[in-house]
Amino acid sequence: MESKKLPKFKELKEQLSAATLNAIREMGFKRMTEIQAEVLPSALDGNDIVATAKTGSGKTLAFLIPVIEVVAKNIEKAMHGTFSIIIAPTRELAIQTYSVLQELINHHNKITSTLVIGGESRKKQSSDLVQGMHIVVATPGRLFDHMRTKEFDYKCVKCLVLDEADKIFQYGFEEDLKQIINRLPKDRQTMLFSATLSERTDALVESAMKKDKIQHINTDQDDLCATVEGLKQGYAVCQTQYRLWWLHKVLKKTKQFKVMGKMNQTDRTATINIFYETENIALFCTDVAARGLDIPAVDWIVQFDPPGDANEYIHRVGRTARGLGADGNAVLLLRPEEVGFVDYLKESKIYVDKYESWDSYYNLQKKLDTAMSDSNFVNLAIEAFEGYVRALEVRKLKQIFNLLTMDLDVLARSFGLKEKPDVDIRIGFSKKHRPRKRMAAILASQSDTKKAKS
Ligand SMILES: Nc1ncnc2c1ncn2[C@@H]1O[C@H](COP(=O)(O)OP(=O)(O)OP(=O)(O)O)[C@@H](O)[C@H]1O
């Protein structure tokens, strides 16, 4: 939809408080995005919402505005009490949502809010919750911890938002989320948002929402492509043993930082802040940074390891080309035996071009040999190798990513090691059966290759 055809926020002035409208104007937004234009009138009427729209399409405001208006209405009856809860799958996303919320409540002098995420002080969070902060932005695990204490009174919650709903409902969070939903008052508005939904979300909709009041809104359903228009995306092919050389070439001129789940929260937040503020920087990250993060100046998404599935691909590349008319680039690195992933992506309306010129790299062997004379590097490489193998073992799409048929010595070389390190990697089976299963898988794959050739 052309931006000029989209309605202005002020057209909602019957449903929106002046304080919210002022904040939106100060944030520089005049017209709603498509998802905002579809969600806001219905959500402000109190309906339950299941909303799907592409990455970077403005879903955050589409749920924060109704959340605030629920509080603005209820605050007149009771000054304290948690009226709205927003749940996000990662701490980084919760922090970001909380910060957009602060801008939006800038003119609402009486509305209070708090952030309840893992890795931060429970004591401060408890004290905020006891005081009855109006809006709580949380990650599921820590929120549920607080709900189990008698101190947090959540009986007056009127609105629940699940951002990146499909991710929150993935294993790990599923049980916490079910418990949270069961404990919250039934008489509430519930809203689910994501760029992708899954079968698991259907079950969530069934259990968490009022059937007769659900509005399903999907601004992508007629689109021919699952990713945003301004995104140029492609793939490069590199043999396993040269992957590190390839990566070196890609990142040569950048400063590099990392963010991953096992870092402490202070370091995670500090690194994301550096990434916001620094030019020419590359951030090494796990999928902890794949969802929701809105960092405007990201030019390239480099997927050194392919994502778990098509949905995760969409979220990862969605960290660039965000907002109306924005551009961005993405490249995916595949081994020759993984090129089938390109066809798999096509089935989900994701079209990636072959980037021939990206297939080259320089010989790094001498540099690697020098680095590997330091035992610290060797230990890091072994740790990385082990982690990589463990991650491959639990991968879906075994027909494309098959650890059992992979040459582990060659794989070790891709981490700078001379050969497979002497570590116990449990590839899927008990020790007793492992060599036999491995051999069977190799034979099966050879016979498949022969069949394909004949
Ligand atoms: N009405 C608007 N007009 C212009 N820009 C907007 C508007 N609403 C939001 N934006 C901007 O668009 C960008 C993307 O918004 P947002 O982070 O909400 O996307 P999203 O749909 O939640 O993406 P994801 O699925 O990746 O989480 C943000 O930088 C935001 O400030």
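The values are calculated or read from the model by the stated rules, or taken from the named source; none is laboratory data. Quick caveat: nothing in here was measured; it's all calculated off a predicted structure. Note: ideal-geometry Cβ built from the backbone for every residue, glycine included; neighbour counts use all protein chains shown. Heavy atoms of the whole protein, side chains included, go into the accessibility calculation; ligands, DNA and RNA do not. Shrake-Rupley method; radii C 1.70, N 1.55, O 1.52, S 1.80 Å.
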Problem set entry | Only listed residue being at pLDDT below 95 and more than 19 Å from the chain's Cα centre (by Cα), chosen from 262, 252 | 252
Exercise. For region 294-325, which residues satisfy the criterion of being part of a loop (DSSP other than H, G, I, E, B), of a type in the set (A, V, I, L, M, F, W, C) and either within 15 Å of residue 283 (Cα to Cα) or modelled with pLDDT of 95 or more (or both)?
Worked result: 295, 297, 298, 304, 321
For this session: Output the residues belonging to region 371-403 that are in contact with a helix residue (DSSP H, G or I) (Cβ under 6 Å, 6 or more places away or on another chain) and without any contact (Cβ under 8 Å) to a residue 40 or more places away in the chain.
Result: 377, 385, 392, 393, 403
Exercise. Hey, does region 176-193 have a residue that's under 24 Å from residue 298 (Cβ atoms), within 16 Å of the ligand (Cβ to nearest atom), assigned to a loop (DSSP other than H, G, I, E, B) and touching a helix residue (DSSP H, G or I) at 6+ places or on another chain (Cβ under 7 Å)?
Worked result: no
Problem set entry | So residue 85, is it within 13 Å of the ligand (Cβ to nearest atom) and either assigned to a loop (DSSP other than H, G, I, E, B) or open to solvent by less than 30 Å² (accessible area, probe 1.4 Å) (or both) | no
Exercise. What are the residues in region 335-373 that are open to solvent by less than 90 Å² (accessible area, probe 1.4 Å) and either among the basic types (Lys, Arg) or in a loop (DSSP other than H, G, I, E, B) (or both), if any?
Worked result: 335, 339, 348, 349, 350, 352, 354, 355, 360, 361, 364, 372
Exercise. How many residues does region 207-254 hold that are part of a strand (DSSP E or B) and over 20 Å from residue 328 (Cα atoms)?
Worked result: 6
For this session: Restrict the check to region 124-146 and report whether at least one residue is buried (at least 23 other Cβ atoms within 10 Å of the Cβ) and at positive phi.
Result: no
Exercise. If you check 324, 332, 380, which single one turns out to be surrounded by fewer than 17 Cβ atoms within 10 Å (Cβ to Cβ) and under 23 Å from residue 293 (Cα atoms)?
Worked result: 324
Exercise. Of the residues 87, 75, which single one is farther than 22 Å from residue 27 by Cα and modelled with pLDDT of 95 or more?
Worked result: 87
